[in-house]
Structure formats: structure tokens, C-alpha cells
Amino acid sequence: MKPLIDRPGSRPWLKVVPWIVVLALCVLPLIIRNDFYLDALILIFLWGAYAGAWNILAGYAGMMSLGHSAFFGIGAYTSTLLLLRFGLSPWIGMLAGGLFASTIGLILGVICFRLRSHYFALATLAFGEVGYICAVNFRSLTGGSEGLALPIRPDALLFSFAGKLPYVYIGLFLFLAVIAISYAIEHSRLGYYLTAFRENENAARALGVRTGRVRLIAMVLSSFISAVMGTFYAQYVVFIDPSSVMRIQISVQVALFAIVGGIGTTLGPAIGAMIFVPIAMLLRAEMGTSLPGLHMIIYGVILVLVLLYMPQGIGPKLKEKIPFLRSP
Amino acid sequence: MLKVSGLNVSYGDVQVLFDVSLEIRVGEFISIVGANAAGKSTLLRAISGLLKKTSGSIEFQGKQLVGRPPYAVVEAGIVHIPEGRHVFPLLSVRENLEVGAYTRRKSRKDLRRSLEELYGLFPQLYHHRDQLAGSLSGGEQQMLAIARGLMSRPTLLTVDEPSLGLAPMLVEKTFQILEHINKENVTVLLSEQNVFNALSMSDRAYVIENGRIVLTGAGKELLTDEHLKKAYLGM
């Protein structure tokens, strides 16, 4: 079918812009030679991808999970334990963690999807806390609060590298992959079904949409990617303990990034990570000793300001203000 | 085609439908008329499987629908157009229509054909197909809601108060569309407060009061019924 009218702002050259940005992101790590900034990039990619995973369930389907730390932790612990106990490569462990997390996600979904909004959030919050308590108390398996240290012997097959650069590129790949997946969901029927459910559950049901099933698909994708990011974290930081990969704060933070950046949008979670991660790192580097925890206060202030002045998030606001960004 | 018998429906502890029975034959245009809160919407929602506390029998082409989830009802061939339109405002017109085709999602070709047919029936929707549904006018949203329901190719369309909140001219147009759909071999079950219009269009009608069917008959006959004239037509 040929369009009757050209959509306003239809400029074909705009299609090139995203590719230029991707190219710039690919070249950027080669220009930056400073480990501190490379670390920042890795964390932006890590959190951006993780927030994107959270957004698949919470943004598109509107099911606000506050238990996503558990999936992250499951990913980190699964690959690490498989490596420490059986010498299994974390590349395979990453998949195993993803599959394990999505199985748990599926079970959680079957049980909790009958709950709505706040009640679902509370149930998942409890689920996240259960994950934390398990990680602390199953000492023989997880090492409890003392955590697990990963071996440091650079080997690409074992997902372990001497410098930061390989991690930057793996992070960048995961970051772009999650954006691509989000884009694909948003522009596919799965995305329409999820949005329909979020906007009007009864109307969607009356049309025959199996709202439980489509949300389970979102849950499986979301928990799988969260676990993959957990493995990435473990391999990069080479040390995990319950409070670094299973804490409630992680769930809250991932939600915060996505909400401030623009919940339910393709790029919102990435934008959120780009804003918050550098702030946290700079504040910790500059005032980590004199005023520890200051970044949490700044987070709070940003959250309040964003919710007051741009409740849809920063991403959608930018799009509205800068005509150039409006989709071609 | 559809046979409802002894239907009781409650919201929590409050019973709203009492022993409702009705029968619809293939190709008919049936209206359910009655005042606000008489139970019209509840009846349609119960048929579509949206309500939980339902007892009695709803038989559609030999299949028992009581206790079945909404998607099973849609798969059986009944689609419900809810009161107040309820389009998905942040999805485009085309995306709204695609959601309506959920039960037929397996075939892309089928989807394209349904889209083309409906764009033919609703040219404005074609014109606005990439626009967000929330930006349409009330009349256009009502058309979209009807078109979206038709995407699943139902054999029975249940429409709840399509005239609600529409200008008289648009009400007229909505009814014309429904008549047209009915001529295309879709059986229509319409719930309306606009008693005069509904009755003059219908083959048969049921009058519902306080959750009970109190009167039934051919649409045009009912227009002359003394009780009905007094209660609903102010004559």
C-alpha cells in the first residue's frame, strides 16, 4: 500500500543518525585511554542494558517489578558457581544463568501476574528479598556474605581479560543488543499486545488477547537478559557477594534509571544509565571519603525533579523539545 | 446460534442478573434495551467471558461458554465491543487493529486482507492509520473500536452502547455501520439506551429491568407497547 500522505518530518537521511552514533560508540573506547573513563563506559553499558531488560516487562507490559535484583544475582551466581565448581566457561554459564533465571521468572509470573500495580511490585519486592536471604544463608553453595572471588587468569574462552577494552566491547555489544531487542519488541505485535494490556487490560482481553501469555513472554526475555548482565558483572568485577548482586537497592536503581530515562521507550533506560552512572562515579571519586552516599541524595533530587517536570521521562521530553529527534 | 439460559451474574455479593434467558439466530440483529444499571452491559460482559461470578448456561454453536476465558470466547467467534470505546490511545490505528487480530495472528496474509477490507469500510481509519488512536475524534474512535473487533472475523458481534457520548449525526452513522455489518452476515447483539433507534433497527429486542428480562418481541412491535412507551419513550 502506498501512503496517501507523507508523514510530517519524514527525512530519509535521519535514518543514518543512529548508525553514526553506534559508530561513534565503537570508536570512543579506542580514543579514551584512561581506565577510570573506560570503567564508566562499561558501567553505563551494563546498567543501560540491565535497565533495558527491566523495561521490557515494566515499561511495555506495565508490570513494575522490584525484584529484578534476583535475576541479576541468579545470573552472577550461576555462571560463577559453574566456573568455580566445574570449570565451566562463563560464556556457557551466561546462557545457563539466563535459562535458570527465565525459568524462575516464568514461575514468578504464573504466581504473581494475577496481582496488579502496587501489589505486583510488593510481591516482586518480597521475591527479590528472598533471593538475597537465600544467597546469604546457603553458605555451602554461595559462600554466604563473604562472597565468591573469581580466578583472575586472562583467557578469552573463560570470559576473562587483562585490560578493560574487551569488557567495553562486550558491554557495548550487550547494550546495543538490548536496544535492538527493545526496538524489535516495540515495533512488533508482541509490543502492541503488551501495550494494549498496559493501557486497557479489559479491552485487550475482550479482543481475545491472551494477556497472561504475552506477559510471560516479556518476563522470560526480561529475566534472561537481567541474568546475562549479572554474569557480565561477575566476570568484570571478579568478586560477587549477596550485597553487590542481590540487594534490593539494585532493583530500585534499575527501575530508577529506566523511569527517569523514559519508561516504555526504546532508548529511555539507556539514557537513564548515561545520566546516573557518571554522576555516581564522579561523586564517589570526588567525595567518596568526605561525603559517602552523597550520590544517593543527588539521585533522589534528580528523580523528584524529573517526576515533577517531565513525568514521562527525559527521553520522551528530549524528543518533544528537539524536532530533529522525532522519529523519521 | 447463541442460547443463554438461566444466567445469574454477581459482582461480589451483589447479584445483578437474575435468571436471564435469550436466544439469537444466525444473521439476526438483536437489541437489549433498558435504563442505566439495568444489567445490559453486565449481560454482554458475561457473554464475552470477562466476568467471573457467572452461573447458568451460555451456549454458542453447541459450545458451552460459561467459565471459559475471554480468548476462548473470541476464538469461538464472539467479539465484544466494550462501552466507552476503549481504544489503546498510545498505539497507532493500524496497531490497534493488529491487536484485534490476536486470535488470527498465525497468518500474515489473512491479516493484510482483513486490514484492507476494514479500511474499505472505514476510509477515515485508512487515512489516519499511522496516527495514535488517542488523537482521533470520538466518532473515529468508535469506528476504530468496531473495526478492531471485526479484525478477529467474528460471527457474532456484541456492541455495548455505541452511541454513548457521540453527536446525533455520528450516532446515526454508527448505527448505519452496524446495519451494514449485519448485512454482511455478522449477527449483531446491541445494547442501547437509545431505545427508539435500537428498536426500529432490530429484528427482535429484549427489554431488561433490574437484572431481569421483562419483555421481548419484534423490534417494531415493541415500539408500540404501552409499558415501553411510558417507561422509555416518554409517550
Report task. May I ask for the percentage of alpha-carbon pairs in segment A:247-328 that lie more than 16 Å from each other? Result -> 54
Query raised in the report: Under a no-solvent Debye model with one identical scatterer per Cα of segment A:12-325, what's log10 I(q)/I(0) at q = 0.08, 0.11 Å⁻¹?
Result: -0.35, -0.68
Query raised in the report: How many nm is it between the label spots at A:W91 and B:E226, if each spot is 7 Å from the Cα in line with the beta carbon?
Result: 9.0
Report task. Place a +1 charge on the Cβ of each Lys and Arg in chain A and a -1 charge on the Cβ of each Asp and Glu, then give the dipole magnitude about the Cα centre in debye, rounded to the nearest 20. Result -> 920
Query raised in the report: Mind ordering B:33-40, A:146-153 by average Cβ neighbours within 10 Å, highest first?
Result: B:33-40, A:146-153
Report task. Please compute the net charge surrounding A:F120, taking Lys and Arg as +1 and Asp and Glu as -1 over other residues with Cβ under 13 Å from its Cβ. Result -> +3
Query raised in the report: What is the set of long-range amide H partners of B:V214 at a cut-off below 5 Å, with H atoms built 1.01 Å from backbone N?
Result: B:V207, B:I208, B:E209
Query raised in the report: Under a point spin-label approximation (7 Å from Cα along Cα-to-Cβ), what is the A:R33-A:V21 distance to one decimal in nm?
Result: 3.0
Report task. Considering only lysines 8 or more places apart in sequence, or on different chains, count the pairs in chain A whose C-alpha atoms sit under 30 Å apart. Result -> 5
Report summary line: GNM of chain A, Cα pairs under 10 angstrom: of A:M246, A:M296, A:M94, the biggest fluctuation goes to A:M296
**Report entry** Among A:F127, A:F86, A:F36: highest mean-square fluctuation, GNM of chain A, C-alpha pairs under 10 Å
**Finding:** A:F86
Requested in this report: State, in angstrom, two size descriptors of segment A:1-140 derived from its alpha carbons: Rg to one decimal place and Dmax to the nearest whole number.
Outcome: 20.5, 67
Query raised in the report: Just counting partner chain Cβ atoms within 10 Å, what average do the residues of peptide A:185-194 show around their Cβ?
Result: 3
Report task. Sequence neighbours fewer than 8 away in the same chain don't count; with that in mind, list the lysines whose C-alpha is under 27 Å from B:K53. Result -> B:K3, B:K40, B:K63
Query raised in the report: What is the mean number of Cβ atoms from other protein chains located within 10 Å of the Cβ atom of each residue in peptide B:65-77, rounded to a whole number?
Result: 3
Query raised in the report: Tally Lys/Arg at +1 and Asp/Glu at -1 over every other residue whose Cβ is under 14 Å from the Cβ of B:E179; what's the total?
Result: -3
Query raised in the report: Which one of B:P154, B:L190, B:L222 has its Cα pushed farthest toward the positive end of the charge dipole of segment B:111-235, where Lys and Arg give +1 and Asp and Glu give -1 at the Cβ?
Result: B:P154
Query raised in the report: Dividing the convex hull volume of the alpha carbon atoms of the protein assembly as shown by its residue count, what do you get in Å³ per residue?
Result: 182
Report task. Multiply the residue separation of A:S290 and A:W13 by 0.36 nm, subtract the distance between their alpha-carbon atoms, and state the gained length in nm to one decimal. Result -> 94.8 nm
Query raised in the report: Hey, got the average number of other protein chain Cβ atoms within 10 angstrom for residues in B:101-107?
Result: 4
Query raised in the report: Rounded to the nearest 500 deg cm²/dmol, what is the calculated helix-only ellipticity per residue at 222 nm for the protein assembly as shown, with -39500 (n - 2.57) per DSSP H run of length n ≥ 4?
Result: -17500 deg cm²/dmol
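Throughout, read-outs are computed from the coordinates displayed, never taken from laboratory work. Everything numeric here is computed off the predicted structure, so don't read it as measured data. Neighbour counts run over all protein chains shown; Cβ positions are idealised from the backbone, glycine included.
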